[in-house]
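Worksheet for the structure shown next.
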Amino acid sequence: MTLPSVARQRVLLLLRWVAFFAVMYVLLLPFGGYRSYRPYLLRNDSALPVLLTLLFAYGLTTYFLLFQLTGRLRAGYLGAVLVVGVFFMYADRKVHLPDDNGCERWSLDQLSRAPEPVVQLSTFCNVLSWSPIGEASQSDYNAQMLQYWGITPVKKLYYNK
């Protein structure tokens, strides 16, 4: 039985710290307070620190193993690393999504044409908000902004139902 090398011990210690950081970060993330977007908490921007540390761990272990392996094992591992790298490079290419704001545009058109001072809009089309507006009084600032922009001739409150 051989004793672990100093480099191996250092890599394993760093990997333990990476795992500890990732677990603690994800566990502490919900303590940031309640927001309306709480169901979408673990998005790519909020998980970026964890992703960067995992990328660091991947690079560190790859670098370590490339210098520890010899012969055919090293060549096979290098080939596998290149295949995984190419796969993720092409998986992350930009996907052209359509600019689909038709639902919000339809709601804005409905709001501008409505003769009533308080307008009921569809629940599925949010206007100037991340979530549906349940009471007309909650749309006061939005209504002022829509009037300022010239979308509505007068201040029109709205709600989603």
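The numbers here are math on the coordinates, done by the rules we state, and not lab data. Keep in mind the model is a prediction, meaning the values are calculated, not measured.
Listed options for Kirkwood radius over Cα pairs in Å are (i) 21.1; (ii) 19.0; (iii) 16.6. The value calculated from this structure is the one marked (i).
Near VAL119, the amide H atoms lying under 5 Å from its own belong to LEU157, TYR158, TYR159; only residues 5 or more places off or on other chains count, and H is placed 1.01 Å from N. Helices of the chain meeting both criteria, an alpha-carbon length of 18 angstrom or more along the long axis and an average Kyte-Doolittle score not below 1.6, with helices taken as full DSSP H segments, are 6-28, 48-68. With a ≥ b ≥ c taken as the square roots of the eigenvalues of the C-alpha gyration tensor of segment 6-91, please select rounded if a/c is under 1.5 and otherwise prolate if a/b is larger than b/c or oblate if it is not? It is oblate, given that a/c is not under 1.5 and a/b is not larger than b/c.
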